[in-house]
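Here the structure comes first, spelled out in structure tokens, and everything after it is commentary.
Read the figures in this text as sums done on the coordinates, not as results from a lab. Owing to the predicted nature of the structure, the values given are computational and were not obtained by experimental measurement. Note: ideal-geometry Cβ built from the backbone for every residue, glycine included; neighbour counts use all protein chains shown.
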Amino acid sequence: MFDFERLELYQIAKEQTILLLGFLQSDSRIDDYLKDQWKRANFSIYLNLIEGTGRISENDKKHFLTIARGSVYESVAILNLVKDMNEIDEDRYNDLYQRYESISKMLLGMYRSYSKPKT
């Protein structure tokens, strides 16, 4: 088993990716460009978390976590646009939003854990 597979954050990000892909495949109302950008941003969260976990230096780890967190913000911005355009139901919006919020908080916690002085 790889280190990243043990992380609760990885499991949540993976589930979010699966849910998002299922939603985007089933919904034809959302513009194709917006779908593509949302997929890219969401994959960036997932893959940068994984890549950062595999890095040796703490600065490298923090760099990839920062990119992943920026991609969470990008994904939430797109989610909000889709909501404002009435292209997502309230329950699905809330579910995806809550997951992004959890992922963001967990990424920040990981980042901060690498910034703590070693005793």
Any chance segment 67-76 includes a residue that's polar (S, T, N, Q) and in contact with an Asp or Glu (Cβ under 9 Å, 6 or more places away or on another chain)? no
By residue number, the members of segment 65-119 that are of a type in the set (Asp, Glu) and closer than 16 Å to Trp38 by Cβ are Glu74, Asp84, Glu87, Asp95
Mind counting the residues in segment 1-43 that are among the charged types (D, E, K, R) and without any contact (Cβ under 8 Å) to a residue 24 or more places away in the chain? 8
Of everything in segment 66-119, what is touching a Ser or Thr at 6+ places or on another chain (Cβ under 9 Å) and without any contact (Cβ under 8 Å) to a residue 60 or more places away in the chain? Give them in sequence order. Ile67, Ala68, Arg69, Gly70, Ser71, Val72, Tyr73, Glu74, Ser75, Val76, Tyr111
Quick one: how many residues across segment 85-119 are under 17 Å from Glu15 (Cβ atoms) and of a type outside the set (S, T, N, Q)? 13
Number of the condition not met by Leu9 [criteria: (1) farther than 15 Å from Gly109 by Cα; (2) assigned to a helix (DSSP H, G or I)]: (1)
Which members of segment 77-119 meet the condition of being over 17 Å from the mean Cα position of the chain (by Cα), within 16 Å of Thr66 (Cα to Cα) and surrounded by 14 or more Cβ atoms within 10 Å (Cβ to Cβ)? Tyr114
